[in-house]
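In what follows, a single structure is set out as structure tokens and then discussed.
The values are calculated or read from the model by the stated rules, or taken from the named source; none is laboratory data. Quick caveat, the model's predicted, so the values are computed rather than measured. Because the Cβ atoms are built from the backbone with ideal geometry, glycine has one as well, and the counts that use them run over all protein chains shown.
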Amino acid sequence: MANDALITALRDADAVKYGEFELSHGGTSDYYVDKYVFETNPECLALIGEAFAETLAGADWYAEGTTLAGVALGAVPLVAVTSVETGTPYVIARKQQKEYGTANLIEGDLAEGEEVVILEDIATTGQSAVDAAEALREAGATVSRVLVVVDREEGARENLAEHDLELSSLVTASDLLADRPDDAAE
């Protein structure tokens with residue numbers, strides 16, 4: 001079921017934009033969900049943290065000792081607020097190793113065999129979550145779940161499933177675009 005308060009907050013914050021947009025995977029879309037708008041808006045961020053916490057608390061697969069992971073850069077605020085909301089530790093999965101310092105791909109404490117749930121902002125193809133899961137698995141973690149704020153419903157679920165990852169979302173594009181303004185649909 002859609003999180004109506006979150007949908008309203010995303011719309012009110014102007015995180016949903018209409019027009020022609022190029023997406024990170026190279027495709028185009030007539031709408032765009034601006035993660036930087038909702039990740040920097042305190043009301044949206046609080047609602048996302050609460051909604052992720054409720055999702056985790058209600059899941060039969062979520063257990064004490066699970067670690068959260070956020071994909072850098074976009075999911076870092078999301079995983080941080082959810083960590084505070086749940087009291088659950090988190091790690092950050094980088095898209096590539098730094099060329100300085102520790103050169104870690106995974107930042108934070110992660111033990112061999114630890115169960116990790118990936119948090120992400122928006123899933124279109126799901127490839128960044130797949131890449132994060134592979135890096136976490138290479139570091140010794142067990143990863144089978146990805147939670148996102150918005151599922152654009154453009155193949156992420158299927159792509160993740162091919163990599164033994166189950167996708168859950170707080171809202172879907174269908175939820176978010178319902179009652180779309182008439183002039184935005186043209």
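Which condition number in (1) over 18 Å from Ala69 (Cβ atoms); (2) part of a loop (DSSP other than H, G, I, E, B); (3) free of Cβ contacts under 8 Å to residues at least 60 places away in the same chain is the one that Asp164 fails?
Result: Asp164 fails condition (1) only.
Among Thr82, Thr102, Thr124, which is the only one that is among the β-branched types (Val, Ile, Thr), at pLDDT below 95 and closer than 20 Å to Leu10 by Cα?
Values: Thr82 fails: at pLDDT below 95; Thr102 fails: closer than 20 Å to Leu10 by Cα.
Among Thr82, Thr102, Thr124, only Thr124 is among the β-branched types (Val, Ile, Thr), at pLDDT below 95 and closer than 20 Å to Leu10 by Cα.
Look at region 118-146 and say how many of its residues are assigned to a strand (DSSP E or B), within 10 Å of the chain's Cα centre (by Cα) and either among the β-branched types (Val, Ile, Thr) or closer than 10 Å to Ala69 by Cβ (or both).
Initial filter on region 118-146 (assigned to a strand (DSSP E or B)): 118-123, 142-146.
Add one more test, that the residue is within 10 Å of the chain's Cα centre (by Cα), and what stays is 118-123, 146.
Still in the running and either among the β-branched types (Val, Ile, Thr) or closer than 10 Å to Ala69 by Cβ (or both): 118-120, 122, 146.
Here the count works out to 5.
Quick check on my filter: what residues within region 10-46 are of a type in the set (Gly, Ala, Ser) and either exposed (fewer than 14 other Cβ atoms within 10 Å of the Cβ) or out of contact with any helix residue (DSSP H, G or I) (no Cβ under 6 Å at 6 or more places or on another chain) (or both)? Full working, then the answer.
Going residue by residue through region 10-46, those that are of a type in the set (Gly, Ala, Ser) are 13, 15, 19, 24, 26-27, 29, 46.
Across region 10-46, the qualifying residues are Gly19, Ser24, Gly26, Gly27, Ser29, Ala46.
Given the options Ala63, Ala69, Ala59, name the one that is among the small types (Gly, Ala, Ser) and touching a helix residue (DSSP H, G or I) at 6+ places or on another chain (Cβ under 9 Å).
Values: Ala63 fails: touching a helix residue (DSSP H, G or I) at 6+ places or on another chain (Cβ under 9 Å); Ala59 fails: touching a helix residue (DSSP H, G or I) at 6+ places or on another chain (Cβ under 9 Å).
That would be Ala69, the only listed residue that is among the small types (Gly, Ala, Ser) and touching a helix residue (DSSP H, G or I) at 6+ places or on another chain (Cβ under 9 Å).
If I filter region 58-76 for residues that are under 15 Å from the mean Cα position of the chain (by Cα) and part of a helix (DSSP H, G or I), do I get at least one hit?
yes
Here is a check on your reading of the model: is Val33 touching a strand residue (DSSP E or B) at 6+ places or on another chain (Cβ under 9 Å), touching a residue at least 12 places away in the same chain (Cβ under 8 Å) and of a type outside the set (Ser, Thr, Tyr)? Reasoning before the result, please.
Details: touching a strand residue (DSSP E or B) at 6+ places or on another chain (Cβ under 9 Å): yes; touching a residue at least 12 places away in the same chain (Cβ under 8 Å): yes; of a type outside the set (Ser, Thr, Tyr): yes.
The answer is yes for Val33.
In region 17-39, what residues are part of a strand (DSSP E or B) and either within 12 Å of Ile122 (Cα to Cα) or among the aromatic types (Phe, Trp, Tyr) (or both)? Full working, then the answer.
Residues of region 17-39 that are part of a strand (DSSP E or B), as a first pass: 17-22, 28-33.
Tyr18, Phe21, Tyr31, Tyr32, Val33, listed by residue number.
Hey, among the residues in region 47-64 that are loosely packed, with under 14 Cβ neighbours inside 10 Å and touching a residue at least 12 places away in the same chain (Cβ under 8 Å), which one's nearest to Glu166 (Cα to Cα)? Give the steps one after another, and end with the answer.
From region 47-64, those loosely packed, with under 14 Cβ neighbours inside 10 Å are 57-58, 60-61, 63-64; that's our starting set.
Retained after the next criterion (residues that are touching a residue at least 12 places away in the same chain (Cβ under 8 Å)): 57, 61, 63.
Working: Ala57: 17, Trp61: 11, Ala63: 16 Å.
The qualifying residue nearest to Glu166 (Cα to Cα) is Trp61.
Taking Lys95, is it in contact with a Phe, Trp or Tyr (Cβ under 7 Å, 6 or more places away or on another chain) and of a type in the set (Lys, Arg)? Full working, then the answer.
Numbers: in contact with a Phe, Trp or Tyr (Cβ under 7 Å, 6 or more places away or on another chain): no; of a type in the set (Lys, Arg): yes.
It is false that Lys95 is in contact with a Phe, Trp or Tyr (Cβ under 7 Å, 6 or more places away or on another chain) and of a type in the set (Lys, Arg).
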